[in-house]
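Peer 1: I'd like to ask some things about the structure below.
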Amino acid sequence: MEYRVTYQQYQQGLEQGEFVGLKCNECGAVTFPPLGVCRKCSGTNLEQTQMSGMGIVKTFTVIRVPPEGMKAPYVVAMVKLDEGPYVTGNLVGIDPDKTDMDIIDKRVKLGSQVIDGNAGPENKQRVLTFELV
Amino acid sequence: MREVAVCGVGMTKFGISEKTNLEMFAEAGIEAIEGSNIEPKDIEALFFGNCLGDFEEGQLHMAPFAAAELGLPRSAPATRFESACATATVAIRHAALLVGAGVYDVVLAGGTERATKMGTPLATKTFAMASQAQHESAAGMTFPGVFAMAAHMYASKYGIALGELKRHMAEVSVKNHYHGSMNPKAHFQKEIDVDTVLSGMMVADPLQLFDCCPFSDGAAAVVIADAAKARELVKKPIYIAGTGQAYGGPLYLQEDLTRVRARELASKQAYREAGLSPEDIDVVELHDCFTIAEILAVESMGFYEFGKGFDAATKGETRLKGRVVVNPSGGLKAKGHPIGATGAAQVTEIVEQLREESGPRQVEGARVGMVDTLGGDFGTVCNIILRS
Ligand SMILES: [Zn+2]
């Protein structure tokens, strides 16, 4: 089996403002970010699909003590996309010191940004961002 | 499967150490071997836990060096386990499985970690490497950040005001520091109060400094043997009644961070194998890497219903002399958290409790104890039930 949507393809999508995921032809579930199989049924009959890029905030934190190489404060959040999957990324366009529980359940639009100096394998990789709409 | 038991146990003092990973492991290992009334040459395999030796000391492949430190037979396979903070518990579980299967009769299992050597910024970065690298740690996720998100989700899901939840979380820290004050091997041996917790530096909203366990150095090890053999070796073997292990995967697949599904599955396996239920457990060492983590754990292990465990420490139910004593050692919060060693220290505490050797922090009449260790951001959970 050839990997359907690789990390590199996913990153290239982000660069162009596209959120490339997988739709399962067995159970209909959408998997995003992509995995080797369907996140619900482990099926391999998958086709490429695009997220609308909209969702709601489920939880968040303001990082005050950052890992080496990053500058705090910044906000990390989990968002539930309209298509179903949860995603992790950075809440942007908001003052971290004014971010509180009121942000939960708020509607956000997906984007991406390049992060340098994180713990990840790439020096400059794109991660998801969320902006209030 | 044959019945399996823990014989001798050993652990170093947890805290800040000038000793190397191998030196600390040798101390703990020799204590466990001597406590089993055997010699290093009697050990048939080493199940060795270490997470970050490469960053701490530039040392990969530490297991054979640990075996050499202890003078184990060259024929004894020495294998490293790595499951983030659950490392040593996973090593011990696999040791128990292979002894149970009859592959070995007597083995040594445990772990060592020298986390303070890295300093806080590098330690924060390397611990975060246990989060999914492409999508999660890449966004600057940290360990405290994961549990901070779980705390916000808990408050939101159950409609508890964040200020109220934080006071109950603080009580977890106060309780574990109280227990730790009676443990001469604990990293922190002083009592604190709720104000200490609520006035601490903010680490990741809403978690403040005293909501978080420290980076620690230390090692712990246990000898595991076939039960019949164990009865020949020691006066009070402590039997491994059941174990379980399950995985969570990346946070984006876990979705509801208030429900630690890996723990629900792992503890269910352990209860089933032991033929026991949560009501049968007298004493628990569980994974309180952050105050909210203990609240999630008492719920997902079945001691409290979901959404009802947040005030257990406040009510004194998990304190010494409470309904189910949680973390009499001081837990990760006060005893300390040398990640590769933690699980073996938890097993050590439960074994000593069931042998009634715990001094002022003894849980009276404890017959059945349970160990719970969580690796990474709910990525691995491993449970072990022990009985006297
Ligand atoms: Zn499917």
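Peer 1: Once you mark the trypsin sites (Lys or Arg not before Pro) that are in a DSSP loop and have at most 16 other Cβ atoms within 10 Å, what is the longest gap between them in chain B?
Peer 2: So the longest stretch without any such site is B:75-189.
Peer 1: Suppose we take every Cα in the protein assembly as shown and form the convex hull; what volume per residue is that in Å³?
Peer 2: Enclosed volume per residue, from the Cα hull, is 140 Å³.
Peer 1: Determine the sum of side-chain charges near B:Lys236: Lys and Arg each +1, Asp and Glu each -1, restricted to other residues whose C-beta is under 11 angstrom from that of B:Lys236.
Peer 2: Net charge in that neighbourhood comes out at 0.
Peer 1: With a 1.4 Å probe, how much accessible area is buried between chains B and A, both sides summed, in Å² to the nearest hundred?
Peer 2: So the buried area, both faces added, is about 3000 Å².
Peer 1: Here's something else I'd like to know. How compact is segment A:54-132 by the rule of thumb for globular proteins, expressed as Cα Rg over 2.2 N^0.38 Å?
Peer 2: 1.07
Peer 1: Please check segment A:79-107 for residues whose accessible area, probe 1.4 Å, is lower by 40 Å² or more when all protein chains are in place than in their chain alone.
Peer 2: Buried by the other chains: A:Tyr86, A:Thr88, A:Met101.
Peer 1: For segment B:258-388, which whole percent of the accessible surface, found with a 1.4 angstrom probe, sits on carbon and sulfur atoms?
Peer 2: Heavy-atom surface of segment B:258-388 belonging to carbon and sulfur, 1.4 Å probe: 45 percent.
Peer 1: OK, next. What percent of all Cα-Cα pairs in chain B falls into each 20 Å bin, going from 0 up to the bin containing the maximum distance?
Peer 2: Spelled out per bin, shortest first, that is 33, 60, 7.
Peer 1: What size of dipole, in debye to the nearest 20, comes out for the protein assembly as shown about its Cα centre when the only charges are +1 on Lys and Arg C-beta atoms and -1 on Asp and Glu C-beta atoms?
Peer 2: Here the protein assembly as shown has a charge dipole of around 440 debye.
Peer 1: Please check segment B:202-237 for residues whose accessible area, probe 1.4 Å, is lower by 30 Å² or more when all protein chains are in place than in their chain alone.
Peer 2: Residues of segment B:202-237 that lose at least 30 Å² of accessible area once the other chains are added: B:Val203, B:Asp205.
Peer 1: Round to a whole number: what % of the accessible area of segment A:7-50 belongs to carbon and sulfur, probe 1.4 Å?
Peer 2: Reported share for carbon and sulfur atoms: 36 percent.
Peer 1: Another one. Divide by every residue of the protein assembly as shown the summed helix terms, -39500 (n - 2.57) for each DSSP H run of at least 4, and state the resulting mean residue ellipticity at 222 nm, rounded to the nearest 500 deg cm²/dmol.
Peer 2: Details: 15 runs with 154 residues, N = 521.
Estimated from H runs of four or more residues: -9000 deg cm²/dmol.
Peer 1: Summarise the long-distance tail of P(r) for segment B:155-237 by giving the % of C-alpha pairs beyond 14 Å. Show your work: numbers first, answer last.
Peer 2: Values: 2453 of 3403 pairs.
Counting every Cα pair in segment B:155-237, those more than 14 Å apart make up 72 percent.
Peer 1: Taking 25 Å as R0, compute the FRET efficiency from the Cβ-Cβ separation of B:Leu253 and B:Asp195 and round it to 0.05.
Peer 2: The pair B:Leu253/B:Asp195 has a calculated efficiency of 0.05.
Peer 1: Now for a separate question. Size of the dipole of chain B about the Cα centre, Lys and Arg at +1 and Asp and Glu at -1 on the beta carbon, nothing else charged, in debye to 20?
Peer 2: 320
Peer 1: Continuing with this model, one more query. Pull up the DSSP beta bridges for chain B and report the antiparallel fraction as a percent, rounded to 5. Mind showing how you got there, number by number?
Peer 2: Details: 37 of 51 bridges.
Among the beta bridges of chain B, antiparallel pairing accounts for roughly 75 percent.
Peer 1: What residues of segment B:107-131 lose no less than 30 Å² of accessible area with every protein chain in place versus their chain by itself (probe 1.4 Å, heavy atoms only)?
Peer 2: Buried by the other chains: B:Pro121, B:Thr124, B:Lys125.
Peer 1: Another question, if that's okay. Roughly how many debye, to the nearest 20, is the charge dipole of segment A:54-132 about its Cα centre, given +1 on each Lys and Arg Cβ, -1 on each Asp and Glu Cβ, and no other charges? Please list the in-between numbers first.
Peer 2: On the way: 10 positive and 11 negative charges, 13 e Å.
The calculation lands at about 60 debye.
Peer 1: Please check: in the Gaussian network model of chain B (C-alpha springs, under 10 Å), which one of B:Asn183, B:Asn327, B:Asn37 has the largest mean-square fluctuation.
Peer 2: Ranking B:Asn183, B:Asn327, B:Asn37 by mean-square fluctuation puts B:Asn37 first.
Peer 1: For segment A:54-132, report the accessible area per residue in Å² (1.4 Å probe, heavy atoms, rounded to an integer).
Peer 2: Per-residue accessible area for segment A:54-132 comes out at 42 Å².
Peer 1: Toward the positive end of the charge dipole of segment B:286-388, about the Cα centre and with charges on Cβ (Lys, Arg +1; Asp, Glu -1), which of B:Phe310, B:Ala345, B:Ser329 goes farthest?
Peer 2: B:Ser329
The values are calculated or read from the model by the stated rules, or taken from the named source; none is laboratory data. Note that the structure is a prediction, hence the values are computed from the model and not measured. Please note: Cβ atoms are built from the backbone with ideal geometry, for glycine as well, and neighbour counts cover all protein chains shown. We work out accessible area using only protein heavy atoms, side chains counted, and drop any ligands, DNA or RNA first. Shrake-Rupley method; radii C 1.70, N 1.55, O 1.52, S 1.80 Å.
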